[in-house]
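Accompanying notes for the structure given below.
The values are calculated or read from the model by the stated rules, or taken from the named source; none is laboratory data. No experiment lies behind these values; they were computed from the predicted model shown. Note: ideal-geometry Cβ built from the backbone for every residue, glycine included; neighbour counts use all protein chains shown. Note: areas computed on protein heavy atoms with side chains; ligands, DNA, RNA excluded. Shrake-Rupley method; radii C 1.70, N 1.55, O 1.52, S 1.80 Å.
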Amino acid sequence: MKRLIVGSVVCTLFLATIVAQSRKPAGTSHDGDAFRFNKVREGVYHAVGTGSLAVVGNSSVIVNDNDVIIVDDHVSPAAAWVLLEEVKTLTNKPVTTVINTHFHFDHAHGNQIFDPTVQIIGHEFTRQMLLGNPTAMPLYQGYITGMPGQIETLRKRIADEKDPAAKAKLQTQLQVTENNYASQKELKPTPPNVTLSTQMTLFRGNREIQIRYLGRGHTAGDVVVLLPKDRVVMTGDFLTSGLSNMSDSYPEEWATSLEALKKLEFDTVLPGHGEAFTDKAKIDYFQAYLRDVWAETSRLKKTGVSAEEAAKRVDMTKHKGQLPIQTAGIPPIAATRIYDLLDGKVK
Ligand SMILES: [Zn+2]
């Protein structure tokens with residue numbers, strides 16, 4: 001009997017190893033740590049990529065009494081897999097919950113690696129978008145179609161480079177891009193399996209985790225994650241440390257929705273891109289930018305210029321003291337979005 005039990009345990013362990021290995025995605029190899037876990041509170045970490053693996057967005061890791069919650073899971077199955085591997089350096093508690101702040105590829109394309117028992121929580125719009133055809137969207141297409149060319153260019157530059165240090169740097173870039181491309185090929189966009197429309201609260205021991213939808217903004221379904229006791233908020237791309245992508249945004253409403261963010265009680269922001277910050281004035285700066293970009297693009301549209309031309313002419317340099325802006329012009333994808341909203345092509 002004893003031998004049978006031991007045999008069964010060994011067999012189960014063996015099977016578990018096989019299952020884990022068969023799930024391991026392509027493109028996970030990298031040198032050194034892929035993430036820097038910046039501890040902001042006891043059990044609360046902001047995970048920022050080191051550059052040794054393509055992860056693109058940041059994630060946050062909340063270690064509770066008995067489990068772990070991950071907020072956003074990066075750009076690929078490989079990036080999410082490596083995140084889980086490196087989270088094991090923080091804790092051996094299981095990841096039970098993932099929260100997607102929004103549907104964009106750099107925040108939700110790791111969803112597929114999680115066991116079906118893991119709750120993946122997102123706004124109902126996020127589910128709708130990930131159930132649709134997210135890889136056909138211009139934002140993702142723009143990202144993926146450029147990759148073979150980038151790989152080709154890197155290979156040529158490596159062949160021509162004489163300086164050993166510069167050559168090694170390019171080789172790392174090539175490895176990162178090739179691994180990312182290999183992982184993208186295995187992509188199966190996976191929607192949240194739990195949705196909310198306005199608010200949801202999770203309770204874990206003494207910690208309360210509030211998931212809040214504050215109105216349309218960066219997309220029609222961004223949520224923020226508030227830890228009221230820790231006074232920390234995870235904002236995804238609803239508020240970053242710089243300029244968020246505007247391809248699926250509602251710039252005018254976004255400025256208003258950010259007003260609701262200001263009403264929440266927090267001291268520290270863990271954004272989807274850039275480093276954590278405490279300066280709440282960044283919300284005002286970004287609101288001012290959004291209002292100006294909307295007004296200026298609308299004004300140019302009324303004069304009859306094309307969206308392409310408006311993208312070159314919209315001048316937001318007066319915000320350069322507060323935001324990373326060097327020269328006149330906005331991304332064409334932002335101008336097109338504003339034109340589409342003004343034309344009623346998107347509602
Ligand atoms: Zn992002």
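Answer yes or no: is there a residue in segment 182-201 that is over 30 Å from ARG157 (Cβ atoms), within 16 Å of the ligand (Cβ to nearest atom), assigned to a strand (DSSP E or B) and touching a Lys or Arg at 6+ places or on another chain (Cβ under 8 Å). For segment 182-201, residues over 30 Å from ARG157 (Cβ atoms), within 16 Å of the ligand (Cβ to nearest atom), assigned to a strand (DSSP E or B) and touching a Lys or Arg at 6+ places or on another chain (Cβ under 8 Å): absent. Quick check, is ILE211 more than 19 Å from ALA108 (Cβ to Cβ) and among the hydrophobic types (A, V, I, L, M, F, W, C)? No, not satisfied.
Could you please find all residues in segment 219-240 being assigned to a loop (DSSP other than H, G, I, E, B) and either more than 15 Å from the ligand (Cβ to nearest atom) or hydroxyl-bearing (Ser, Thr, Tyr) (or both)?
Let us first name the residues in segment 219-240 that are assigned to a loop (DSSP other than H, G, I, E, B), namely 219-222, 228-231, 237-240.
Answer for segment 219-240, where residues must be assigned to a loop (DSSP other than H, G, I, E, B) and either more than 15 Å from the ligand (Cβ to nearest atom) or hydroxyl-bearing (Ser, Thr, Tyr) (or both): THR219, ALA220, PRO228, LYS229, ASP230, ARG231, THR240.
Flag set for THR201, criterion: β-branched (Val, Ile, Thr), surrounded by fewer than 17 Cβ atoms within 10 Å (Cβ to Cβ) and more than 20 Å from ALA108 (Cβ to Cβ). Kindly evaluate LYS282 against the criterion of being farther than 24 Å from ALA47 by Cβ, modelled with pLDDT of 95 or more and of a type in the set (Lys, Arg). No.
Going through segment 96-121 one residue at a time, which ones are open to solvent by less than 20 Å² (accessible area, probe 1.4 Å) and within 14 Å of the ligand (Cβ to nearest atom)? Quick ask: steps written out before the conclusion?
Within segment 96-121, the subset open to solvent by less than 20 Å² (accessible area, probe 1.4 Å) is 97-104, 106-111, 113, 118, 120-121.
Matches in segment 96-121: ASN100, THR101, HIS102, PHE103, HIS104, ASP106, HIS107, ALA108, HIS109, GLY110.
Of all residues in segment 291-317, those satisfying the criterion of being among the polar types (S, T, N, Q) and in contact with a helix residue (DSSP H, G or I) (Cβ under 8 Å, 6 or more places away or on another chain) are THR297, SER298. In summary, PRO324 fulfils each of the numbered conditions (1) open to solvent by less than 60 Å² (accessible area, probe 1.4 Å); (2) within 16 Å of the ligand (Cβ to nearest atom); (3) at pLDDT below 95 with the single exception of condition (1). Taking segment 82-95 as the range and being away from the ligand (no atom under 16 Å from the Cβ) and buried (at least 24 other Cβ atoms within 10 Å of the Cβ) as the test, only VAL82 passes.
Evaluate segment 124-136: report whether one residue or more is farther than 20 Å from HIS273 by Cα, open to solvent by less than 30 Å² (accessible area, probe 1.4 Å), assigned to a helix (DSSP H, G or I) and within 16 Å of the ligand (Cβ to nearest atom). Outline the logic, then answer.
Filtering segment 124-136 for residues farther than 20 Å from HIS273 by Cα gives 124-125, 127-136.
In the following step, the residues that additionally are open to solvent by less than 30 Å² (accessible area, probe 1.4 Å) were identified as 130, 134.
Next cut, assigned to a helix (DSSP H, G or I) only: 130, 134.
Retained after the next criterion (residues that are within 16 Å of the ligand (Cβ to nearest atom)): 130, 134.
For segment 124-136, residues farther than 20 Å from HIS273 by Cα, open to solvent by less than 30 Å² (accessible area, probe 1.4 Å), assigned to a helix (DSSP H, G or I) and within 16 Å of the ligand (Cβ to nearest atom): present.
Among all residues of segment 137-148, there is at least one that is of a type outside the set (Val, Ile, Thr), open to solvent by less than 50 Å² (accessible area, probe 1.4 Å) and in a loop (DSSP other than H, G, I, E, B). Residue pairs whose Cβ atoms lie under 7 Å apart, sitting 6 or more positions apart in sequence or on different chains, and linking a residue in segment 251-280 that is at positive phi to a partner that is modelled with pLDDT under 95 and of a type outside the set (A, V, I, L, M, F, W, C), are GLY274/SER241; GLY274/GLY242.
Residues in segment 261-276 that are open to solvent by less than 30 Å² (accessible area, probe 1.4 Å) and more than 16 Å from the ligand (Cβ to nearest atom): LEU261, LEU264, PHE266, THR268.
Which residues, counting only those in segment 206-249, are closer than 19 Å to MET316 by Cβ, open to solvent by 20 Å² or more (accessible area, probe 1.4 Å) and of a type outside the set (A, V, I, L, M, F, W, C)? Reasoning before the result, please.
Taking segment 206-249 first, the residues closer than 19 Å to MET316 by Cβ are 217-218, 237, 239-247, 249.
Remaining after also requiring open to solvent by 20 Å² or more (accessible area, probe 1.4 Å): 241, 243, 245.
Scanning segment 206-249 gives SER241, ASN245.
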